Amino acid sequence: MNLQTDRLQNGSTKFQVPAQTVGQLRTEMEKELFESVIPFWEKNSWDQKNGGFWNCLDRTGRVFDVTKYGWLQGRETWLFSKLYRTVEKKPEWLAMARSGAEFLRYKALTPDNRIPFRMTADGTPVYIQRKIFSECFYIMAMAEYARASGDESYLQEAERMFALVWQWAFDWKKVGRPSYAGETPLQSLAVPMILMNLIEELTDGRAAPYERELEQCQKAFLLHVKTGEKRVYEFVRPDGSLCTDLPEGRQLNAGHAIEAGWFLQHWARRQKNSALSALAVDIVRWSHEEGWDKEHGGLFYFLDAQGHSPVQLEWNMKLWWPHCEALYAHLLNYSVTGSRADWELFLSTKDYTFSHFPDRTHGEWYGYLDRQGRVSQTFKGGAYKCAFHVPRALLLCRNLLKALEAGQ
């Protein structure tokens with residue numbers, strides 16, 4: 001690729017990718033999103049009888065399990081609300097968003113303010129996790145649907161639920177999770193990172209009136225970042241110290257760290273915090289470097305920081321969502337740094353992702369590959385995969401490429 005160069009103030013070289021190249025990539029993202037991914041979910045996932053969405057879809061889009069998953073209901077409601085508000089006011093997108101929002105609020109929500117992890121087609125609870133994530137995606141759905149529809153009551157509902165989730169977030173005993181005498185207290189990266197993103201979605205990126213909560217989330221997240229090792233640990237002790245005598249304490253998840261990196265970058269740029277922005281760039285780079293399979297390509301799912309065999313049997317599989325997060329995170333890094341290295345990481349990630357995950361026959365993407373990159377599972381939607389990581393990454397990349405193309 002023929003890249004033009006400019007000099008930055010610090011003397012490094014900024015690579016200006018030709019607008020034509022950026023435009024071609026933007027078109028490719030739009031085609032994948034609007035001609036393959038979104039049509040698959042539009043055609044197959046909407047449950048017009050019960051409301052909400054079918055989550056478990058096979059390769060062709062047929063429902064193979066009528067169980068519904070609360071966090072996936074929230075994610076898909078968020079998606080179609082976001083598309084309607086920010087891309088095009090298509091009535092069918094708003095209708096799907098409304099179906100999901102009403103199903104969640106009036107059928108799935110339990111009297112004690114929980115969203116079931118699993119439920120029947122009509123919203124009757126089957127299993128409620130002793131975690132906070134279904135409720136987090138409920139909040140995202142309510143907030144984005146409020147903006148799409150203009151119905152302020154949904155934003156009020158999001159704010160009401162956030163107040164509860166904030167009480168539960170760092171002490172899961174409050175949602176019924178037991179604690180035992182021999183348990184090692186560990187803090188999960190998943191909590192501060194999802195809360196950082198949740199505040200962004202709840203406030204549409206303005207933070208107010210949650211500046212104090214955002215600051216606390218950032219501090220909790222940074223406890224996981226070990227700059228001397230160039231690593232982000234999945235679990236640390238509450239004071240940030242490592243617990244490397246347990247597999248959990250050595251666990252690395254490149255996809256999670258990369259996703260958290262771009263969450264942090266969004267806030268760093270809004271806060272005009274150059275040090276935090278530089279750290280966010282590094283987090284994405286470090287995590288990709290350690291997590292990338294040098295032999296077969298793609299990102300490992302889990303690694304052990306001390307080189308032991310990871311206890312997760314799926315550790316060397318290549319999953320859809322880490323690659324989606326890396327796709328956007330490297331492009332975001334390039335937009336911040338102007339670095340050729342970041343641009344080339346974006347391109348190499350795109351090449352692997354677009355050559356392995358999309359299903360060119362039936363649309364959408366496969367979710368699970370083996371280490372060699374062969375499709376392991378053919379379903380398009382299941383208990384953990386839905387209309388979220390793929391369309392979100394494509395939409396974010398499309399929007400950022402559009403801005404780069406315009407010279408912003």
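Any read-out appearing in this document is the output of simple, stated calculations on the displayed coordinates, not a laboratory observation. Keep in mind the model is a prediction, meaning the values are calculated, not measured. Counting neighbours? That spans all protein chains shown, and the Cβs are built from the backbone with ideal geometry, glycine included.
Using only C-alpha atoms and all pairs of different ones, pull out the Kirkwood radius for the range 290-347 in Å with one decimal. Don't skip to the answer; put the middle values down first.
Details: mean 1/r = 0.0796 Å⁻¹.
Result for the range 290-347, one decimal place: 12.6 Å.
For the range 344-353, the Karplus equation 6.51 cos²θ - 1.76 cosθ + 1.60, evaluated at θ = phi - 60°, returns couplings of 6, 5, 4, 5, 5, 5, 4, 4, 5, 5 Hz by residue, with Gly and Pro reported as x. Computed from the alpha carbon atoms alone, the convex hull of the range 86-145 holds 84 Å³ per residue. The distance between label points at Lys402 and Asp65 comes to 3.5 nm (points 7 Å beyond Cα on the Cα→Cβ vector). Counting 0.36 nm for each residue step from Lys230 to Leu313 and taking away their Cα separation leaves a gain of 27.4 nm.
The alpha carbon gyration tensor of the range 179-314 gives principal lengths a ≥ b ≥ c with a/c of 1.5 or higher and a/b no greater than b/c, which makes the shape oblate. For the chain, the square roots of the Cα gyration tensor eigenvalues, ordered a ≥ b ≥ c, give a/c below 1.5, which places it in the rounded category.
In this structure, the pairs whose alpha-carbon distance is over 21 Å, taken from Lys89/Lys402; Lys49/Lys107; Lys82/Lys402; Lys31/Lys68; Lys89/Lys385; Lys173/Lys230, are Lys31/Lys68; Lys89/Lys385; Lys173/Lys230. Springs join every pair of Cα atoms under 10 Å in this Gaussian network model of the chain, and among Ala275, Ala108, Ala220 the largest mean-square fluctuation is at Ala275. Listed by chain and number, the aspartates and glutamates whose alpha-carbon sits under 20 Å from that of Lys174, ignoring those within fewer than 8 places in the same chain, are Asp112, Glu135, Glu159, Glu183, Glu213. Taken as Cα centroids, the range 266-341 and the range 139-165 sit 31 Å apart, rounded to the nearest whole angstrom.
Close amide H pairs (under 5 Å, H built 1.01 Å from N) link Trp365 with Asp359, residues at least 5 positions away or on another chain.
Taking square-rooted eigenvalues a ≥ b ≥ c of the alpha carbon gyration tensor, is the range 153-250 rounded, prolate or oblate, where a/c under 1.5 means rounded and, failing that, a/b exceeding b/c means prolate? It comes out oblate by the Cα gyration axes. Going from the fewest other Cβ atoms within 10 Å to the most, the residues Cys56, Cys397 appear in the order Cys56, Cys397. Among Ser81, Ser355, Ser134, the largest mean-square fluctuation in a Gaussian network model of the chain, built with springs joining Cα atoms closer than 10 Å, belongs to Ser355.
Do me a favour and compute the ellipsoid semi-axes for the range 1-139 from its Cα gyration tensor, root of five times each eigenvalue, largest one first, whole Å.
39, 19, 14
With the simple model of a label 7 Å out from the Cα in the direction of the Cβ, Ala163 to Arg177 spans 2.4 nm.
Each of Tyr210, Tyr334 was scored by other Cβ atoms within 10 Å of its Cβ. Arranged with the fewest first, they read Tyr210, Tyr334.
Projected onto their three principal axes, the Cα atoms of the range 288-401 cover extents of 39, 38, 22 Å, largest first.
Taking the Cα centroid of the range 28-49 and of the range 176-246, what is the distance between the two, rounded to the nearest whole Å? If you average the Cα positions of each part, the centres end up 34 Å apart. Considering only Trp168, Ala305, Pro39, the residue lying farthest towards the positive end of the dipole of the chain is Pro39, judged by Cα position with unit charges set on Cβ. On full extension, the segment bounded by Asp151 and Phe354 gains 69.3 nm, given 0.36 nm per residue less the C-alpha separation. Relative to the Cα centre, the charge distribution of the chain, modelled as +1 at Lys and Arg Cβ and -1 at Asp and Glu Cβ, gives a dipole magnitude of about 280 debye. Among Pro192, Pro178, Pro391, the largest mean-square fluctuation in a Gaussian network model of the chain, built with springs joining Cα atoms closer than 10 Å, belongs to Pro178.
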